[in-house]
1. Would a scan of the stretch 39-52 turn up a residue that is in contact with a Ser or Thr (Cβ under 8 Å, 6 or more places away or on another chain), in contact (Cβ under 8 Å) with a residue 40 or more places away in the chain, surrounded by fewer than 19 Cβ atoms within 10 Å (Cβ to Cβ) and assigned to a loop (DSSP other than H, G, I, E, B)?
2. Restricting the search to the stretch 266-285, which residues are surrounded by 14 or more Cβ atoms within 10 Å (Cβ to Cβ) and either without any contact (Cβ under 8 Å) to a residue 60 or more places away in the chain or within 15 Å of residue 330 (Cα to Cα) (or both)?
3. Would you mind finding the one in 96, 82 that is out of contact with any Cys (no Cβ under 7 Å at 6 or more places or on another chain), surrounded by fewer than 23 Cβ atoms within 10 Å (Cβ to Cβ) and in a strand (DSSP E or B)?
4. Take the stretch 316-328 and flag every residue that is touching a Leu at 6+ places or on another chain (Cβ under 9 Å), within 17 Å of residue 345 (Cα to Cα) and in contact (Cβ under 8 Å) with a residue 60 or more places away in the chain.
5. So how many residues does the stretch 116-146 have that are under 20 Å from residue 184 (Cβ atoms) and either out of contact with any Asp or Glu (no Cβ under 8 Å at 6 or more places or on another chain) or assigned to a helix (DSSP H, G or I) (or both)?
6. Quick check on residue 11: is it hydrophobic (A, V, I, L, M, F, W, C) and assigned to a loop (DSSP other than H, G, I, E, B)?
7. Take the residues in the stretch 197-234 that are hydroxyl-bearing (Ser, Thr, Tyr) and out of contact with any Phe, Trp or Tyr (no Cβ under 7 Å at 6 or more places or on another chain), then tell me which one is surrounded by the most Cβ atoms within 10 Å (Cβ to Cβ).
Amino acid sequence: MPADFYELQVAGIIQETHDTRSFVFAVPESLREEFRYRAGQFLTFEVPWNGMKLRRCYSLSSAPETDAWPKVTVKRVDDGRISNWFNDNLHVGDTILVQPPEGRFLIRSNEGDHGIFLFGGGSGVTPVLSILKSALRTTERRVKLIYANRDERSIIFKDEIDLWLAEFPNRLEVVHHLDSASGFMSVEEIRAQIREWEDAEFFVCGPTGYMDAVEEAFKASKIDPGQTKFERFISPIDPDRKDESAEVVPEQSDDEIPASFKMVLEGRSLEVPYEKGLTLLDSAIKAGHKPPSSCEDGYCGCCMALLKSGQVKMATHDALEPSDIERGWVLACQSRPASREPIEIDFDAEY
């Protein structure tokens, strides 16, 4: 089952731009350990909306080394149910249900002095800013940010980014791209920006078209997929919008049903019994274990695990990039065995 929800109070609200606000949450002493986080992670919220309880994930724009409290930043979206609810209905002093932080959009611990190259598009800058602040404060690595926006008034965190530039002029480089002045960034423009940064660790978050262009530039520049991480904006389908008849669950023959599978979780190697029809996540939960999970619909990526042996079929994999799948990453909430050969998944693997 997903992690428990806890009630947090809104401690502050910051009007970042005409259509974007940041929400700061006070974490009581009793929950400090539960809500300890790393730069690049996100929070999952449960919000009452028209008689339903809807969930949304928002990246943390704060960093634990630089901000006293966790903060998420939410931009209005045309017809967006929860993004607009946040901006219209949430006030200082209100409380909201929140799951502890999750996510693998993280700086690797073994990259030495290799640079960190960040791509942010629109509100996709939120986890990117978190990583920028943490990297500048805790490492000596060079950092470069390419930040694309529709126009100048849409630039979120402009003053905050300028302050970081002033403090770290020799380590931080920021390139602002405005679509209103230059059109959308092309693959060739992106390739020019990453030249001489080919050994960097890359992080990308933004609208689909922007991220696709960056991915094409990586391929054209022969950047190793192992150096890249993508965080996509994907919201779960709300209960009143689900088409149950359209859900496709991979069929399993008796030849594809192992008696059990292995799972690495929190440093332990565990044998988990398997029953036909269950996902790997369902099986682990039924056996009494608590792997990371949130939406359980394949959208958030919380339950990512590295498939170390065996074969699985995923019903959906919206939270994964093609390069993730090539490297063996699977979503445990969507994965079912596809052969009797021994299956092992590793929740502890570094993404």
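Coordinate-derived values only; no laboratory data. Given the structure is predicted, the values throughout are model-derived calculations rather than measurements. Every residue, glycine among them, receives a Cβ derived from its backbone with ideal geometry; neighbour counts consider all protein chains shown.
1. no
2. 270, 272, 278, 279, 280, 281, 282, 283, 284
3. 96
4. Residue satisfying the conditions is 327 alone.
5. 10
6. No.
7. Residue satisfying both the conditions and the ranking: 210.
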